[in-house]
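Structure record follows, encoded as structure tokens.
The values are calculated or read from the model by the stated rules, or taken from the named source; none is laboratory data. From a predicted model like this one, the values you see are computed outputs, not experimental measurements. Note that we place each Cβ from the backbone using ideal geometry, even for glycine, and neighbour counts take in every protein chain shown. Heavy atoms of the whole protein, side chains included, go into the accessibility calculation; ligands, DNA and RNA do not. Shrake-Rupley method; radii C 1.70, N 1.55, O 1.52, S 1.80 Å.
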Amino acid sequence: MKKLNIILVLVLLSLLSEMAFASSPFQHYDSGRFDIDLAVDYFKSTANFQSDATKAALPAGYHLQTINFLTEARYVFIQDFGVLLGVAVNSTESRDSLATRTNSTLSHVHFGADYRIVESESWELTAETKYIHAVEKVDVTADSALNSDGAGQIIGSLGTAFRWGGFTPYAKGGINYRMEGLSTLLTYAAGAEWQFEKIAVGGAVIGYMSIKDDEKTTQSTDRETLTNRVNATSKKYYSINPNLTDSEFYLKYRLDESLAFRFFGGYTIIGSNSAEGFHGGAAVTWGFGGSSSQSYESEHHGSGRHKKNSVSVDPSEKGFKEDVNDGVNQDYFKPVTPSKEEYVEEVETSTQNQEVPEPPPPPKTKVKAKPVVNPETVEKEYKVKIKKKKKKK
């Protein structure tokens, strides 16, 4: 029942970060795991998608570019349940015919949680939730470039991934409820990753669409007047009912089990009331801990809890025990010992404390029998049968 309640809460709040998902669609879920993620993302635009999805270039010499820095820490409290905390610093530059405006501030802080609902060797289902608190609100009287939508957000999603050897397709979808009268978004992502020993490459389609109108839908000029003045007419931020589909390709390099690097980039495919442009960036993830010390291969090539090995370890025994239950007849590998009846003969001796008569010795050969030590028992001795040679006359 407790597990069901957690699932219901996460589904109701679901999560999806717009661009971060494609760069990091997989997470560790081993109890005690701690990860720190540092990322930088650059975006530049010289065109917009209009309300009818047609593309229109910004006026000659106009452009908008942003550099976003994200720091996030994540800790797995208990198996399959992680919590996260992050901050973002956004820097924006807009240039038009009159001025070049900039704005570099701490744009938001966020916290959330994620939970792995189902996990098997080939499939997993996860739920995530996050709240974003906007540190800087939109000031319609300011003369600096906008570097965010300036609104708090409750965002969340359900995600799934399939592990087919080194090939892993994945998908994710959710809801982004934005405050300050902005439209509510339906978020989605789908992609695939090819994994090798230390390198992984992948690609994804990422996007969102407005499913609940902006409160200024019938007064779009109120928002457009501001963005035209301070953001070089770009619709990157604070636009009416935006829709967007973007692409991303990435490469991951794992230096070891605790340190990994990501490089990513992409270009806008289509949209409406949003900015067109290309983006690219890099990230580094440092992680440690975890009670079962699951490796990158067990997390991404199959579950560590279901992975089969040729050698099994019994925690109640010291050392290791070879797993011989592999279908091979082990009798072929047992040592062969000849039967003792083939070369010895049993005899009984008296319980008296006396020497046992020696058998007739062969020429130049002497065999002595050991005396009986315990007179109260009857012991068995063995004598060697030796074929007697006949003397020639």
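Scanning the stretch 1-53 for residues that are out of contact with any Leu (no Cβ under 7 Å at 6 or more places or on another chain), open to solvent by 40 Å² or more (accessible area, probe 1.4 Å), at pLDDT below 90 and more than 22 Å from Ser247 (Cβ to Cβ) turns up Met1, Lys2, Lys3, Leu4, Asn5, Ile6, Leu8, Val9, Leu12, Leu13, Gln27.
Looking at Ile154, is it closer than 30 Å to Ala232 by Cα, within 30 Å of the chain's Cα centre (by Cα) and open to solvent by 30 Å² or more (accessible area, probe 1.4 Å)?
Values: closer than 30 Å to Ala232 by Cα: yes; within 30 Å of the chain's Cα centre (by Cα): yes; open to solvent by 30 Å² or more (accessible area, probe 1.4 Å): yes.
In short, yes.
Taken as a whole, the structure leaves Ala142 outside the set of residues that are closer than 24 Å to Ile270 by Cβ, out of contact with any Gly (no Cβ under 8 Å at 6 or more places or on another chain), assigned to a loop (DSSP other than H, G, I, E, B) and among the hydrophobic types (A, V, I, L, M, F, W, C). Filtered by the rule that a residue be more than 21 Å from Asn243 (Cα to Cα), open to solvent by 70 Å² or more (accessible area, probe 1.4 Å) and part of a strand (DSSP E or B), the stretch 54-69 gives a lone residue, Phe69. Evaluated against (1) surrounded by 14 or more Cβ atoms within 10 Å (Cβ to Cβ); (2) touching a residue at least 60 places away in the same chain (Cβ under 8 Å), Ser91 falls short on exactly one condition, (2).
Yes or no, residue by residue, for (1) open to solvent by less than 60 Å² (accessible area, probe 1.4 Å); (2) out of contact with any helix residue (DSSP H, G or I) (no Cβ under 6 Å at 6 or more places or on another chain); (3) of a type in the set (A, V, I, L, M, F, W, C):
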{"residue": "Arg95", "(1), (2), (3)": "no, yes, no"}
{"residue": "Asn103", "(1), (2), (3)": "yes, yes, no"}
{"residue": "His110", "(1), (2), (3)": "yes, yes, no"}
{"residue": "Thr126", "(1), (2), (3)": "yes, yes, no"}
{"residue": "Thr129", "(1), (2), (3)": "yes, no, no"}
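Once the stretch 190-238 is narrowed to residues that are without any contact (Cβ under 8 Å) to a residue 60 or more places away in the chain and of a type in the set (Phe, Trp, Tyr), the residue that is surrounded by the fewest Cβ atoms within 10 Å (Cβ to Cβ) is Phe196.
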